[in-house]
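Beneath this line is the structure, given in structure tokens, with notes to follow.
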Amino acid sequence: MKSGLPPPPAATSASTLRSMQANRGRNTSVELSLRRALHAKGLRFRIHRQAIPGLRCEPDILFPTPRVAVFVDGCWWHGCPEHWSPPNRNREWWTRKILLNTERDRRHDEILTAAGWCVVRIWEHQPVDEAVEHVQRVICDRTAGGGR
Ligand SMILES: [Zn+2]
């Protein structure tokens with residue numbers, strides 16, 4: 001899918017680069033700690049699978065039966081309201097890029113919700129125990145409430 005975004009700026013400041021690299025991709029340390037903690041609670045799940053076949057959207061952690069999809073969102077790439085601010089260099093490009101990312105996230109949330117999934121988004125800055133509690137509560141609700 002073309003977003004209409006011009007190619008990324010070649011020159012990027014060292015601090016921007018650090019933020020980007022710290023938050024890139026899968027299996028971030030936050031995600032790993034969350035997985036370990038959920039596993040320790042006796043929960044079983046799958047990782048990095050398409051929740052909806054053909055939709056290019058792979059939740060980080062999936063609970064197929066209660067249909068709970070968990071995303072661990074990096075503060076940089078997902079435009080955390082507390083921690084993201086546009087860098088001085090290439091400010092416009094980054095602002096647009098992160099806006100497109102968050103729009104895509106919301107779109108995926110809507111598609112998953114419409115398909116009967118419950119979407120849980122965890123910020124990478126959230127304490128792991130808080131995240132575990134959140135996920136457990138959602139699973140519990142879904143299991144007890146007959147999948148509303
Ligand atoms: Zn944050």
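Compared with the direct C-alpha span, the chain from Gln50 to Glu92 gains 11.9 nm at full extension, assuming 0.36 nm per residue.
Ranking His108, His134, His39 by Cβ neighbours within 10 Å, fewest first, what do you get?
Values: His108 21, His134 15, His39 11.
Fewest-to-most Cβ neighbours within 10 Å comes out as His39, His134, His108.
For trypsin sites (Lys or Arg not before Pro), the sites in the stretch 58-127 that DSSP calls loop and that have at most 15 other Cβ atoms within 10 Å are Arg89. Overall, the ratio between the Cα radius of gyration of the stretch 94-139 and 2.2 N^0.38 Å, rounded to two decimals, is 1.38.
Backbone amide hydrogens, once placed in the peptide plane, bring Val68 within less than 5 Å of Phe63, Cys118, excluding anything fewer than 5 places away on its chain.
With R₀ set to 25 Å, the beta-carbon distance separating Ser85 from Leu5 gives a calculated FRET efficiency near 0.85.
Hey, how much of the P(r) for the stretch 29-148 falls beyond 23 Å, as a percent of Cα pairs? More than 23 Å apart: 34 percent of the Cα pairs in the stretch 29-148.
Extension gain, Ile111 to His125: 0.36 nm times the residue separation minus the Cα-Cα distance gives 2.5 nm. With both labels modelled 7 Å from their Cα along Cα-to-Cβ, the Arg104 to Ser29 distance reads 2.6 nm.
Which net charge results for the neighbourhood of Arg46, defined as the other residues with beta-carbon distances under 13 angstrom from its beta-carbon, given Lys and Arg at +1 and Asp and Glu at -1? Can you show the working numbers first?
Details: positive: Arg35, Arg44, Arg49, Arg67; negative: Glu58, Asp60.
Overall, the nearby charge balance is +2.
Where both residues lie in the stretch 61-148, what percent of DSSP beta bridges are antiparallel, nearest 5? All intermediate terms of the calculation are to be shown ahead of the outcome.
On the way: 3 of 9 bridges.
Around 35 percent antiparallel, to the nearest 5.
Along the stretch 42-56 the Karplus relation, 6.51 cos²θ - 1.76 cosθ + 1.60 evaluated at θ = phi - 60°, assigns HN-Hα couplings of x, 7, 10, 8, 10, 10, 6, 10, 5, 6, 10, x, x, 7, 6 Hz to successive residues, with x for each Gly and Pro.
Read-outs: derived from the displayed coordinates by stated rules, not from any lab. The shown structure was predicted, so the numbers you read here are calculated from the model rather than taken from an experiment. Heads up, the Cβs are rebuilt from the backbone with ideal geometry, glycines too, and the neighbour counts pull from every protein chain shown.
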